[in-house]
Amino acid sequence: MGSSSDWETMEHAAKTLQELGVPHETRVVSAHRTPDLLFEYAETAEKRGIEVIIAGAGGAAHLPGMTSSKTVLPVLGVPVESKTLKGLDSLLSIAQMPGGVPVGTLAIGKAGAINSALLAAAILGAKHPEIREALRKFRAAQTERVLANPDPAASADLTKFGLTSEPGPVETALGATSRSSKGKRA
Ligand code: RP5
């Protein structure tokens, strides 16, 4: 990532990689403040056994593009949300690479960070079956969680609105309708 201030976002990538059991390292490498370190990091990554690089940066976010220019490893870019332009600057800086040097660009912020890890796992899964299986399990568990909680209102804290979970007149009426027109409601 370009700055330690990006960690709040990029920790979601690290946590997701950890959950999937993907070995990884996390580093602050700035395209603007430590350009020599960036070149060294990108140039030596392949030799060190790194297979995918996730680069998160904000504002005039040159890190992912410059990293990609110095390696043929896949580089995934996460646009970190900036204060002034809400990450639109980061998104465009990372996504709008000229033809020839690609950066796989994810969504702005936390969602992009999580998805960068999932996409990295999908890429690594072609070579490492255990990572592909971990990804399959992650997706199945996610589907299960959604199916197990179809009604957010059922688990909402109604007491903060001065309500109880006892059915009110409208719900009772709906229940009566439901019973009287059996089979018509989902
Ligand atoms: C970028 O500038 C970093 O990726 C960060 O998102 C942004 C601001 O950096 P700091 O000023 O917080 O270090 O290079």
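The values are calculated or read from the model by the stated rules, or taken from the named source; none is laboratory data. Since the structure is predicted, the reported quantities are computational estimates derived from the model, not experimental observations. Counting neighbours? That spans all protein chains shown, and the Cβs are built from the backbone with ideal geometry, glycine included. The area values use the complete protein model at the heavy-atom level, side chains included, leaving out ligands, DNA and RNA. Shrake-Rupley method; radii C 1.70, N 1.55, O 1.52, S 1.80 Å.
With SER90, SER30, SER68, SER82 as the choices, which residue is in contact with a Ser or Thr (Cβ under 9 Å, 6 or more places away or on another chain) and within 28 Å of ARG139 (Cβ to Cβ)?
On the way: SER30 fails: within 28 Å of ARG139 (Cβ to Cβ); SER68 fails: in contact with a Ser or Thr (Cβ under 9 Å, 6 or more places away or on another chain); SER82 fails: within 28 Å of ARG139 (Cβ to Cβ).
Answer to the check: SER90.
So is HIS128 surrounded by fewer than 19 Cβ atoms within 10 Å (Cβ to Cβ) and at negative phi or not?
Numbers: surrounded by fewer than 19 Cβ atoms within 10 Å (Cβ to Cβ): yes; at negative phi: yes.
Yes: the conditions hold for HIS128.
Looking only at the range 105-125, how many residues end up being open to solvent by less than 40 Å² (accessible area, probe 1.4 Å), among the polar types (S, T, N, Q) and not in a helix (DSSP H, G or I)?
Summing the residues that are open to solvent by less than 40 Å² (accessible area, probe 1.4 Å), among the polar types (S, T, N, Q) and not in a helix (DSSP H, G or I) in the range 105-125 gives 0.
Select from the range 91-104 the residues that are buried (at least 24 other Cβ atoms within 10 Å of the Cβ) and either away from the ligand (no atom under 15 Å from the Cβ) or farther than 19 Å from ARG33 by Cα (or both) and list them in ascending order.
Once the filter is applied, which keeps residues that are buried (at least 24 other Cβ atoms within 10 Å of the Cβ) and either away from the ligand (no atom under 15 Å from the Cβ) or farther than 19 Å from ARG33 by Cα (or both), the range 91-104 yields LEU91, VAL103.
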